[in-house]
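Heads up: the structure comes next, in structure tokens.
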């Protein structure tokens with residue numbers, strides 16, 4: 001599965017909703033790439049997030 005709802009992402013990644021929202025607001029995670037809103041719910045692209053993490057050293 002590539003896309004999961006924000007609540008599930010928080011459960012499996014140990015991240016917080018506030019941290020995700022801060023990355024979205026700062027433009028670190030882009031809509032349509034790392035995240036997107038569908039029917040008012042935030043979805044997270046696990047593959048894109050992994051790639052985002054990998055580029056940080």
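The values are calculated or read from the model by the stated rules, or taken from the named source; none is laboratory data. The model shown is predicted, which means the values in this text are computed figures rather than measured ones. Note that we place each Cβ from the backbone using ideal geometry, even for glycine, and neighbour counts take in every protein chain shown.
Got a sec? Which helices (runs of 4 or more DSSP H) wholly within the chain have at least 3 residues that are surrounded by fewer than 10 Cβ atoms within 10 Å (Cβ to Cβ) and over 10 Å from the mean Cα position of the chain (by Cα)?
In the chain, the matching helices (runs of 4 or more DSSP H) lie at 17-26.
Go through (1) touching a strand residue (DSSP E or B) at 6+ places or on another chain (Cβ under 7 Å); (2) modelled with pLDDT under 95 one by one and return the number of the condition residue 44 breaks.
(2)
Please name all residue pairs, on different chains or six or more residues apart, with Cβ atoms under 6 Å, provided the first residue is in region 1-28 and is at negative phi and the second residue is at pLDDT 95 or above and surrounded by fewer than 11 Cβ atoms within 10 Å (Cβ to Cβ).
5/41
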